[in-house]
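The values are calculated or read from the model by the stated rules, or taken from the named source; none is laboratory data. None of the values given here were measured: they were computed from a predicted structure. Here Cβ is always computed from backbone atoms with ideal geometry, including for glycine, and neighbour counts include all displayed protein chains.
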DNA sequence: ACGGCAACAACTGTATACTGATTTGCGGAG
DNA sequence: CTCCGCAAATCAGTATACAGTTGTTGCCGT
């Protein structure tokens, strides 16, 4: 509060620190769909001027994490088409990247994968959606770090993040949890046995399943809320 | 010079106009590898303040068109690894996008493709590398516009742009020109006959050839310049 | 009560000013 | 002649100030 220093981050520039801070908060679901992110407000909270905050928000907007309006920045509302588009790109990229990772993963990376998988197993046992969500993120991050094609890796990270925002919702359903865990296990086996082709194939089905679950659950959610909205006419 | 108006662009914000302006200039090869883009200087030329220019430069940097240094922004020097990485991503994305386009291209799009192809044929006849370059860009832009997956299309455009900067150099070689033209013809046939699978396959080979030509010619260029650099030790 | 209009407020966008870091270039010592 | 170090310029980063635009609120007329 009365912190003299403007920010506690450790990175290089304020812009970079603020960018990561806001992006992480978006990941954690700290913002609702109706929240407006206003640079001057965030700047006040952080004790800095508008400029670094504004630049961070602009970057997030260009990367698709936010949408800019004439009145603040907001979370994008992903239409089913948007989600389908994102998954199409992921289907193109991630299998090949996984094949890379199967060849280049080192012992440390394998260890992190194992930990993430263990957490995922525990999460499914205790039906802890939040933990499974985190484990899933760490699992992907772990093998993605081993991909030696930086551009491929960062593109994947970006597109995965976009749908990750809504992913948490699908992981609360028990059958989905089992499917995700099974997919992670198969991927893990492919990675540890350095089987590029298996990694490619299992990643393909993993993403297919992720999309299927999303579509199914979203459709269910939509029809449910449609009834409640029936009397209000057009949705916003 | 004594223009009252700060800028002649037509887009929304100054930032967006300047962004496009600089990006186009990068495409046209207006900047050399040793040129430094300095915000205050560009701002002076355009009659605006640093801020919109700075934001445009930052965006270009985040998108990989530039690299930021402590002393101005510069063009990235693509290593062979960089180029290989970019082409790997393109190999993943463009065939599928081409398959899309084969189904969604309308008459107007077909017309633009035909024009671009005609220019390319003329360019090869007259050995006009610049014209072939332009035709190639327009050809891709035309079918890319028909891809209904915006994220896929913009990702492709971005990665294609990155290597396009060095592409011009490869198109001066006659055999490469013939290969490119042949690839465009096959793609055009696939598009006009709405054959998604053929579009997919021909795009795959088209990109493979593009990468091959690049690697070959770059290697030739490198060994040539290596001899001249022999006495200087490490390259910069 | 409801619809339109006007004044207001809340933002983004742009401009200007300042600061700190880093490179560059010059000068002196070895 | 070379190498070290210091001074000065340059430029990114950040802060503050101003302008322009749009959504919002409240009032007035119907």
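Worth pointing out:
- Selection of region A:143-155 for residues being within 10 Å of another protein chain (Cβ to nearest Cβ) and under 17 Å from the mean Cα position of the chain (by Cα) yields A:152, A:153, A:154, A:155.
- Applying the condition of being surrounded by 15 or more Cβ atoms within 10 Å (Cβ to Cβ) and over 18 Å from the mean Cα position of the chain (by Cα) to region B:19-38 and asking which residue is nearest to DNA strand C (Cβ to nearest atom) yields B:38.
- Single residue of region A:39-57 satisfying the filter (closer than 23 Å to residue B:54 by Cβ and more than 12 Å from DNA strand D (Cβ to nearest atom)) that is surrounded by the fewest Cβ atoms within 10 Å (Cβ to Cβ): A:41
- Among the residues of this structure, residue B:89 does not count as one that is within 15 Å of DNA strand D (Cβ to nearest atom) and at pLDDT 95 or above.
- Taken across region A:64-76, residues that are crowded, with 17+ Cβ neighbours inside 10 Å, closer than 14 Å to residue A:163 by Cα, away from DNA strand C (no atom under 15 Å from the Cβ) and at pLDDT 95 or above do occur, with at least one present.
- Residue in region B:122-130 that is within 14 Å of chain A (Cβ to nearest Cβ), surrounded by fewer than 16 Cβ atoms within 10 Å (Cβ to Cβ) and free of Cβ contacts under 8 Å to residues at least 40 places away in the same chain present: no
- Inter-residue pairs, beta-carbon under 6 Å, first more than 14 Å from chain B (Cβ to nearest Cβ) and in region A:11-27, second near DNA strand D (Cβ under 8 Å from one of its atoms) and at pLDDT 95 or above, 6+ apart: A:11/A:17
- Total residues in region B:79-115 satisfying the condition of being away from chain A (no Cβ under 11 Å), over 18 Å from residue B:183 (Cβ atoms) and touching a residue at least 40 places away in the same chain (Cβ under 8 Å): the figure is 4.
- Comparison of A:73, A:133 shows that the only residue that is more than 11 Å from chain B (Cβ to nearest Cβ) and touching a strand residue (DSSP E or B) at 6+ places or on another chain (Cβ under 9 Å) is A:73.
- Scoring residue B:158 on the criteria (1) touching a helix residue (DSSP H, G or I) at 6+ places or on another chain (Cβ under 8 Å); (2) within 14 Å of chain A (Cβ to nearest Cβ); (3) assigned to a helix (DSSP H, G or I) leaves a single failure, condition (1).
- Scope region B:19-38; condition away from DNA strand D (no atom under 14 Å from the Cβ) and in a helix (DSSP H, G or I); matching residues: B:19, B:20, B:21, B:23, B:24, B:25, B:26, B:27
- Breaking point among (1) within 22 Å of residue B:156 (Cβ to Cβ); (2) near DNA strand D (Cβ under 10 Å from one of its atoms), for residue A:64: (2)
- The residues of region A:43-86 that are assigned to a helix (DSSP H, G or I), in contact with a helix residue (DSSP H, G or I) (Cβ under 8 Å, 6 or more places away or on another chain) and closer than 15 Å to residue B:62 by Cβ, listed by number, are A:52, A:54, A:55, A:56, A:57, A:58, A:59, A:60, A:62.
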